[in-house]
Every structure is written in structure tokens, then in C-alpha cells.
Amino acid sequence: MQLVVARIGRAHGIKGEVTVEVRTDEPELRLGPGAVLATEPTATGPLTVEAGRVHSGRLLLRFEGVRDRTAAEALRNTLLIAEVDPDELPEEEDEFYDHQLIDLDVVLADGTEIGRITEISHLPSQDLFIVERPDGSEVMIPFVEEIVTEIDLEEQRAVITPPPGLIDESEAVIASSRDEETGEAASGDPASGDAAETPKGDA
């Protein structure tokens, strides 16, 4: 099956290098020298990786036949697509390919249904689950271990413990109001001379 592994960004320098937005946990394997990648749009490919290097925290690639800035800039926003065996699994136990996560049911620890994963958004800072709720609305859930506590491929579900307001915005309003009330109570009554105790909680 085909998986999007990167998106080409702007040209870098004058010798045909491009920046890429990596969308795979295995860039050394999928985007290494010699890798042949299909593209979207298809007219720009296939592309063969000639060389790669990391510069200022970003991956730079050079493709065979792309020798100057003009040719590199023409590839901007092209998606790079790798052919992956659907039975192949990532090397690390806590890593997953996008196709393994798409269509998983998202539930709370008590089993409450939240929705279904329809897309994985790969951002520079973290990955996001795009979850379609039963009413047709969407919610974005950061794919971090503090929130996504379990991925069960056999049961086809992802278990989450969302912070207040992530799933239901009204919870954030209630939590905010509670914090304000707690803050007022903690400040004490100036006339009474009661000592104020700073409430403990999330910074």
C-alpha cells in the first residue's frame, strides 16, 4: 500500500536541495539515498533521493535530475509517497503507521465513545488525531502519551484521558470559573485578616 512520507517545502540554496516536512517515523528508511518515491501530483514524479542531510533541525533532500533552485522550487508542496507492505510493522512497539490508526474508535477510559480517527495530521511539534464525532463534528487530539494512554489494534480502539476542554469546550469554561472562584477564596477576606493559602494545581 502507499503511504505519504513527506511533503516538499521550499528550495534551499542554489544546488537543487529542498526542505521536507517529514510524515514518517522512519525517515532514514523511507527517505534515504536511493529511495524511489511516487508523488502527488503524479506529473512531478517519480523522484529518486540522491542525498539528504539535516540543517538547522530540518531535513534537506536532493533528488536525481534536480540541479538548480528553479527545478527545486517547482517541486514545492509535492507529496512524497512510499510503497509499504501492509503487513510491515514499525521497529518500535509504541510506533504506528498511519494506516494502522485510521478508523480506530476513540474512547475514554470508562468506555465512553468519542468518535473515529479519520486522519493523522503530522505537525512539526507533534502528531494529531483528527476524530469524527457521532454528530459529524471533528475534534483534534494530540497523539502524546499523556492523552492517548493506549492503542489497542486488536480491539481497534484508542483510549484517551483528555484534559478539560479538549473534547467538550464547556468543561474548559467550568474549569476556568472554578479556578477563578478558588483564587478568590484563596485570597482571603482583607477585613478578617485570614491567611490566604495558595491553591495547588496545574501551572
Taking 7 Å along the Cα-to-C-beta vector as the label spot, tell me the Glu145-Gln100 distance in nanometres, rounded to one decimal. 1.6 nm
Amide H to amide H under 5 Å from Glu17: which residues, 5+ apart in sequence or cross-chain, H placed 1.01 Å off N in plane? His12
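Could you work out what % of the accessible surface of segment 1-57 is carbon and sulfur, using a 1.4 angstrom probe and leaving DNA, RNA and ligands out of the count?
Values: 1630 of 3040 Å².
That fraction is 54 percent.
Please give the net charge around Thr118, taking every other residue with its beta carbon less than 13 angstrom from that of Thr118, where Lys and Arg add +1 and Asp and Glu add -1.
On the way: positive: Arg116, Arg133; negative: Asp98, Asp103, Asp105, Glu119, Glu132, Glu138.
Net charge around Thr118: -4.
If you stretched the chain out fully between Thr48 and Glu132, how much longer would it get, using 0.36 nm times the residue separation minus the C-alpha to C-alpha distance? Mind showing how you got there, number by number?
Details: separation 84, 0.36 × 84 = 30.24 nm, distance 3.61 nm.
Difference between extended and current length: 26.6 nm.
How big is the shadow of the Cα convex hull of segment 1-63, averaged over all directions, in nm²? List each step's numbers first, then the result.
Numbers: hull surface 17.3 nm².
For the Cα atoms of segment 1-63, the hull's average projected area reads 4.3 nm².
For a quick check of your reading of the filter: which trypsin sites (Lys or Arg not before Pro) in segment 1-31 sit in a DSSP loop and have no more than 15 other Cβ atoms within 10 Å?
Here the trypsin sites (Lys or Arg not before Pro) that fit, given the DSSP loop and packing criteria, are Lys15.
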Accessible area per residue of segment 1-154 at 1.4 Å probe, in Å²? 57 Å²
Per residue of segment 133-145, what does 6.51 cos²θ - 1.76 cosθ + 1.60 with θ = phi - 60° give for ³J(HN,Hα)? Whole Hz please, x for Gly and Pro, Karplus curve as stated. 7, x, 7, x, 6, 10, 9, 9, 10, x, 8, 10, 5
Starting from the amide H of Ala6, placed 1.01 Å from N in the peptide plane, find each other amide H under 5 Å away whose residue is 5 or more places distant or on another chain. Arg23, Leu80
Taking H placed 1.01 Å from N in the peptide plane, check which residues at least 5 places from Glu150 or on another chain put their amide H under 5 Å from its amide H. Val159
Less than 15 Å Cβ to Cβ from His55, Lys/Arg counted +1 and Asp/Glu -1: what total charge do the surrounding residues give? +3
If you plug each phi of segment 28-37 into the Karplus form 6.51 cos²θ - 1.76 cosθ + 1.60 with θ = phi - 60°, what whole-Hz ³J(HN,Hα) values come out, in order, with x for Gly and Pro? 5, 7, 7, 10, x, x, x, 5, 9, 10
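The values are calculated or read from the model by the stated rules, or taken from the named source; none is laboratory data. Since the model is a prediction, treat every value here as computed from it, not as a measurement. A quick note on method: Cβ atoms are made from the backbone with ideal geometry, for glycine too, and the neighbour counts reach across all protein chains shown. Please note that ligands, DNA and RNA were not included when accessible areas were found on the heavy atoms of the full protein model with its side chains. Shrake-Rupley method; radii C 1.70, N 1.55, O 1.52, S 1.80 Å.
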